[in-house]
Amino acid sequence: SQQGEEDPQALSIQEGENATMNCSYKTSINNLQWYRQNSGRGLVHLILIRSNEREKHSGRLRVTLDTSKKSSSLLITASRAADTASYFCATAGKAAGNKLTFGGGTRVLVKP
Amino acid sequence: KAGVTQTPRYLIKTRGQQVTLSCSPISGHRSVSWYQQTPGQGLQFLFEYFSETQRNKGNFPGRFSGRQFSNSRSEMNVSTLELGDSALYLCASSGGLAGAHNEQFFGPGTRLTVL
């Protein structure tokens with residue numbers, strides 16, 4: 001079963017626009033991670049935010065975490081065609097042992 | 001450092017057969033996890049190995065098994081293949097002791113098709 005639910009399921013934007021996607025989860029977490037996947041290939045780690053952090057930045061990426069609402073958001077600023085991919089949130093639970101539980105993903109299409 | 005490698009990249013089997021997939025983690029990483037990705041179920045955790053011991057297991061039938069060798073390379077085996085086992089199987093490694101509490105480095109995956 002999936003811990004996280006992502007919203008929207010799909011997103012289509014023009015190059016240069018910002019893309020925002022949200023992730024909600026159900027149980028207490030140690031951290032939340034965001035990954036990108038291009039066309040059914042392996043996942044690439046984007047950013048990890050710990051449960052005691054509220055916001056984190058990495059280049060054009062900004063992640064927020066609200067543990068009271070059990071939700072996170074990923075913002076990609078000034079999107080590029082190369083950002084076209086599926087984006088997944090994944091949670092590492094305090095009680096879940098050493099596994100990541102993934103959301104269903106958001107498919108992002110950036111049109112040139 | 002070389003990334004996570006998985007072999008083979010593509011595999012076609014028929015129902016009832018068995019299959020073994022291999023994963024070589026990043027040098028120095030002792031934690032190796034396996035995930036199954038399907039269009040219907042998404043990404044699901046199979047199991048995690050650390051220093052040759054299975055530390056955690058997902059909700060998959062006993063037909064799915066794995067092991068890890070002393071050099072941290074890992075294999076997973078699926079016996080008595082079913083059509084529903086068709087999926088992308090992803091391996092991930094991480095450094096340190098904490099497994100999923102750290103960044104995971106994924107391999108390119110093995111695409112298994114069961115006919």
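Taking segment B:35-88, which chymotrypsin sites (Phe, Trp or Tyr not before Pro) meet the DSSP loop condition and have no more than 13 other C-beta atoms within 10 Å?
Here the chymotrypsin sites (Phe, Trp or Tyr not before Pro) that fit, given the DSSP loop and packing criteria, are B:Phe69.
May I have the pair-distance distribution P(r) for chain A, computed from all Cα-Cα distances with 5 Å bins from 0 and rounded to whole percent?
Whole-percent P(r) values from 0 Å outward: 2, 13, 24, 26, 19, 10, 4, 1, 0.
Mind checking Rg over Rh on the protein assembly as shown, alpha carbons, Kirkwood formula for Rh?
0.97
Enumerate the calculated ³J(HN,Hα) couplings along segment B:77-91 in order (Karplus 6.51 cos²θ - 1.76 cosθ + 1.60, θ = phi - 60°), each rounded to whole Hz, writing x wherever the residue is Gly or Pro.
10, 10, 9, 6, 4, 10, 4, x, 7, 4, 5, 9, 9, 10, 10
Among the GluC sites (Glu not before Pro) in segment A:3-112, which ones are in a DSSP loop with at most 15 other Cβ atoms within 10 Å of the Cβ? Mind listing them?
A:Glu15, A:Glu17, A:Glu53
Reachable lysines from A:Lys94, Cα under 23 Å, same-chain residues fewer than 8 places away excluded?
Those lysines meeting the cut-off are A:Lys26, A:Lys56, A:Lys69, A:Lys70, B:Lys57.
Starting from the Cα of A:Asn38, step 7 Å toward the Cβ, then list every residue of segment A:71-112 with an amide N under 17 Å from that point.
Answer for segment A:71-112: A:79-88, A:107-112.
Based on alpha-carbon positions alone, could you give the equivalent ellipsoid semi-axes of chain B from the gyration tensor, as √(5λ), descending, whole Å?
23, 14, 13
Could you let me know the centre-to-centre spacing of segment A:59-112 and segment B:59-110, using Cα atoms, in angstrom?
Each part's Cα centre sits 22 Å from the other's.
Laboratory data are not the source of any read-out in this text; all were calculated from the coordinates shown. All values derive from a computational prediction rather than experimental measurement. No Cβ is skipped: glycine too gets one built from the backbone with ideal geometry, and neighbour counts run over all protein chains shown.
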